[in-house]
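To keep things clear, I will list the structure first and then write my remarks on it.
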Amino acid sequence: MKVVIAGGGSVGRFIAQELSAARHDVTIIDSDRDLVKHYIEKDDLGGTRWIAGDACDLGTLTTAGLSDADVVAAATGDDEDNLVVSLLSKQEFGVPRIVARVNNPKNEWMFNETWGVDVAVSTPHLITGLVQEAVSVGAFVRLLSLEGGKAKLAEVTLAEGSPAADKEIVELGFPRDATVVAVVREHRVVVPRGDTVLRTGDEVVVLVTADSENSVREILVG
């Protein structure tokens, strides 16, 4: 898989290191020429290719090979730059998958298909969700947004009195555009099937759309 990363900071370098270790073809674009020179000489990211230039410039993106990239990760520390990179990657080069970093959670609403973003990763929202997931029982906690907010990965720890407790998944009548993807029970993962019985204290991980979210919340929380 060919991946182009906009932003050679700590986030971009970590992504590159992990993907290169998995034998993917990785290119990083960064505007800091001294930084690029340093890491080219250091060469500690598994053969990652570095390009010095503005990732918001069509010429730089062309040099980086976006015309045949499978994924672009817009991972700079500037939300405006990440949006521009996402839009150019999708509209000018037709990159199939755009993953964009959200630095300011107030800007997350813009990271959608209008700007070419397929998946927006908001670290503040993700941390908040994980904290809520750890301490909240009986609450519907969003963990991750997918497809520009069209789908969400969420978690509910079933409380006493949950309408889903002691029932098989097939009995609960989940909407067609929602599904239970995992159940965590006593520190082990249960792969859900239709006849899986949910119990009080189960952490139920669900994939929902905007249309099905309220129905799923009603089923699991009440």
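The values are calculated or read from the model by the stated rules, or taken from the named source; none is laboratory data. Keep in mind that this is a model prediction, so the values were computed, not measured. All Cβ positions, even for glycine, are placed from backbone atoms using ideal geometry, and neighbour counts span all protein chains on display.
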Handout entry: Selected residue [at pLDDT 85 or above, of a type in the set (Phe, Trp, Tyr) and more than 14 Å from residue 55 (Cβ to Cβ)] from 111, 140, 93
Key = 111
Exercise for the section: Go through segment 33-59 and give me each residue that's touching a residue at least 12 places away in the same chain (Cβ under 8 Å), part of a loop (DSSP other than H, G, I, E, B) and closer than 24 Å to residue 90 by Cβ. Expected result: 48, 53, 54, 55, 56
Problem - Within segment 173-189, tally of residues that are over 20 Å from the mean Cα position of the chain (by Cα) and either loosely packed, with under 15 Cβ neighbours inside 10 Å or among the charged types (D, E, K, R) (or both) - result: 7
Practice task
Filter segment 67-78 for residues that are charged (D, E, K, R) and touching a Lys or Arg at 6+ places or on another chain (Cβ under 8 Å) and give the result.
Solution key: 68, 70
Fill in the blank from the handout: Of 44, 30, 25, the only residue that is modelled with pLDDT under 90 and either in the same structural domain as residue 92 (by TED's automatic domain parsing) or out of contact with any helix residue (DSSP H, G or I) (no Cβ under 9 Å at 6 or more places or on another chain) (or both) is 44
Fill in the blank from the handout: Within segment 60-90, the residues that are in a loop (DSSP other than H, G, I, E, B), among the charged types (D, E, K, R) and either without any contact (Cβ under 8 Å) to a residue 12 or more places away in the chain or under 20 Å from residue 48 (Cβ atoms) (or both) are 70
Completion exercise
Taking first residues from segment 4-32 that are more than 17 Å from residue 67 (Cα to Cα) and second residues anywhere that are of a type in the set (Asp, Glu) and part of a strand (DSSP E or B), the pairs with Cβ under 9 Å that are 6 or more apart or on different chains are 7/30; 8/30; 9/30; 12/30; 19/25
